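Beneath this line is the structure, given in C-alpha cells, with notes to follow.
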Amino acid sequence: FTKITFIPDLEKFHMKLLDDMTVGLMKRRVFDMCGTLNEVTVFLNGQKIEVAGFDEYSRVFFRDSGLIESDDGSKNELIYSKVNERWQVAVARSDYGFQQISFVNNILTNKGGRHVDHVVDQLVVKIKEAVNLQVPKHVKAVRPLQIKNRLIVFVNCLIENPMFDSQAKEYLTTTAHQFGSKCVITEDFMRRVLNETDLIDSIVCDINKREPVVVNRSIKRSLMDLPKLEDATAAGTKESSQCTLIITEGDSAKALAVAGLSVVGREHYGVFPIRGKLTNVCDLSMKAVLQNEEISAIIRILGLKFDVDYSTKEKRDELRYGHVMIMTDQDSDGAHIKGLIVNFLYSFWPSLIRSDFIKCFITPLIKVCSFMILASLDKIE
C-alpha cells in the first residue's frame, strides 16, 4: 500500500493548531477519494470509510447535503449510471437552483467546466422534449436555463491531458472533442430520470408560475407569509436592478426606514427587519442554512440561487433586488450584525461582494437640533 504523511507548517500560516474548517476540508478530500478511486480502501484515523464507489458517494452527499427533505412527500430519487469506463453520472431534481459536484481525474472541480456542460447539455435537450408535451401551446419556448436550474448533477470522469482555468484546477477548459472519450446519455437512463423524480412536474409548474403540489417547502411559498416585509413595488420586475432592500436591526429601525419611504417612494425600496444578530453561516450545512427562518427569508426576498455566479450584470438583473442596504446602529452590536450579513452573502455568493451590491446606511450618533452662533458662545466663555 501507499502511505503519505505530512506535517503542517502551522507557523507559516500563522496558526497554533488546525482549526475545524481545515480538518473538515481534509476529511472531505478523504471521502472524495473513496468516491472516485475504484477498488481502493481508504482509512481515516484508523477507521475504514464505508463509501464504495461514486454511486454510493453521490447518494451519501445527496442525502446529507440538505438538497432534499426525506419527509416532504415528493418523489425525488438520485438516478445513477456508469456510462462507460471513463464516465459516471448521477442526476436528481433540485429545489435550490442548479447544483453540480464533479471530478476530473479524481480532482474536485468546484466550478464545473466543459465536462459538466457535456452532460448537462444532453440532459436539457432530452428533458425539454418531455416538458414540451406537457406545457400549454400558448406558452413560449422553454428556456434551457429553466430546466438547468432544476438539476443536481454528479459527474466523475477521466479526461486525457485535462486543462484548467487556473492552478487551483476548479474549472475544466478542455473542449469536448479533446476528452478522449464521450459520455452518451442513454434512453434507459433518461427514462428513469423522468419516471423516478418529479423533475418534469417541477419544471412545468415553474413555467406556469405556480407552485408544485408535491413540493411543499417554506422557501418556495409566496412572500405573503413574510408579514414584516415591506416589498418594493418594482421588485421582481424589469426594474429589479434599480431596487434596494433595506435590512434593518429590529422593528424600531424598520419604522424609521418606512417613514423615509414616504419621501423616496416605495417603488424601488423595500424594508425587512431582522431580530438581532444573524446566524453565522460559516460552520453550517446548506440544509441548516435553509432551515434558518431569517436567512431563508432573505434568500427568497432577494431571489438568490445557490451556485450562481452573479459577477455579471446580466445575472444580477435576475435578482428581485439590485442592492442590499444594511441599516444598523453605530455600536458594537450593529457592527457585528453588519459583518454577519456580509459574511452570509460572501459565503455563498462572493461575486456580490465584488460588485456594487451591498450598501450601508450610516445612522446618526447625535442629532443636533439647534446651536448658538460663535459670537454668543464667545460671550459665555
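Tell me, what is the Rg over Rh of the chain, with Rh the Kirkwood radius over Cα pairs?
Values: Rg = 25.0 Å, Rh = 23.9 Å.
In the chain, Rg relative to Rh is 1.05.
Only Cα pairs under 8 Å and at least 6 apart count here; give the relative contact order of the range 220-360 as a rounded whole percent. Can you show the working numbers first?
Working: 215 pairs, mean separation 42.9, N = 141.
That works out to 30 percent.
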### Summary
DSSP beta bridges in the chain: the antiparallel percent, rounded to 5, is 50
### Task
Could you line up Arg59, Arg93 from fewest to most neighbouring Cβ atoms inside 10 Å?
Arg59, Arg93
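What is the mean projected area of the alpha carbon convex hull for the range 72-207, to one decimal in square nanometres? Please list the in-between numbers first.
On the way: hull surface 34.8 nm².
That works out to 8.7 nm².
How much length is gained if the chain between Asp225 and Glu56 is pulled fully straight, taking 0.36 nm per residue apart and subtracting their Cα-Cα distance, in nm to one decimal?
Numbers: separation 169, 0.36 × 169 = 60.84 nm, distance 3.82 nm.
So the chain would gain 57.0 nm between Asp225 and Glu56.
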### Message
What are the ³J(HN,Hα) couplings of the range 161-174, residue after residue, when phi is run through the Karplus curve with 6.51, -1.76, 1.60 and θ = phi - 60°? Round to Hz, x for glycine and proline.
### Response
6, x, 10, 10, 7, 7, 5, 5, 6, 9, 9, 7, 9, 4
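Rg/Rh for the range 220-360 to two decimals, with Rh computed the Kirkwood way over all alpha-carbon pairs. Intermediate results must be reported in sequence, preceding the final value.
Working: Rg = 14.1 Å, Rh = 15.2 Å.
So for the range 220-360, dividing Rg by the Kirkwood Rh gives 0.93.
Can you put Val60, Val155 in order of Cβ neighbours within 10 angstrom, beginning with the fewest? Walk me through the intermediate numbers first.
Numbers: Val60 15, Val155 28.
If I rank by nearby Cβ atoms, fewest first, I get Val60, Val155.
In what order do Lys48, Lys228 fall by count of nearby beta-carbon atoms within 10 Å, going from fewest to most?
Details: Lys48 10, Lys228 13.
By the 10 Å Cβ count, ascending: Lys48, Lys228.
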### Summary
Which of Met21, Met33, Met190 fluctuates most in a GNM of the chain (C-alpha springs under 10 Å)? That residue is Met21
#### Entry: Helical mean residue ellipticity (222 nm; -39500 (n - 2.57) per DSSP H run of 4+; nearest 500) of the chain
-10500 deg cm²/dmol
## Note on the structure
Stokes-Einstein, Kirkwood over Cα pairs, the range 1-51, 20 °C, 1.002 mPa s; D in µm²/s equals 170
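Pulled fully out, how much extra length does the chain show between Tyr346 and Leu133, if you take 0.36 nm times their separation in residues and subtract their Cα-Cα distance? Intermediate values should be presented prior to the final figure.
Values: separation 213, 0.36 × 213 = 76.68 nm, distance 4.04 nm.
Going from the current span to full extension adds 72.6 nm.
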### Query
So, in nm, how far is label Lys27 from label His336 when the simple model puts each one 7 Å beyond its Cα toward the Cβ?
2.7
## Note on the structure
The pairs in Lys126/Lys315; Lys287/Lys313; Lys128/Lys169; Lys148/Lys338; Lys82/Lys305 lying past 27 Å Cα-Cα in this model are Lys287/Lys313; Lys128/Lys169; Lys148/Lys338; Lys82/Lys305
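Estimate the FRET efficiency between Gln291 and Met163 by the formula 1/(1 + (r/R0)^6), using the beta-carbon distance for r and 51 Å for R0, to the nearest 0.05.
0.80
Each reported figure results from applying straightforward, stated rules to the coordinates on display, with no laboratory input. Here the structure is a predicted model, which is why all the values come from computation and not from measurement. Every residue, glycine as well, gets a Cβ built from its backbone with ideal geometry; the counts of neighbours run over all protein chains shown.
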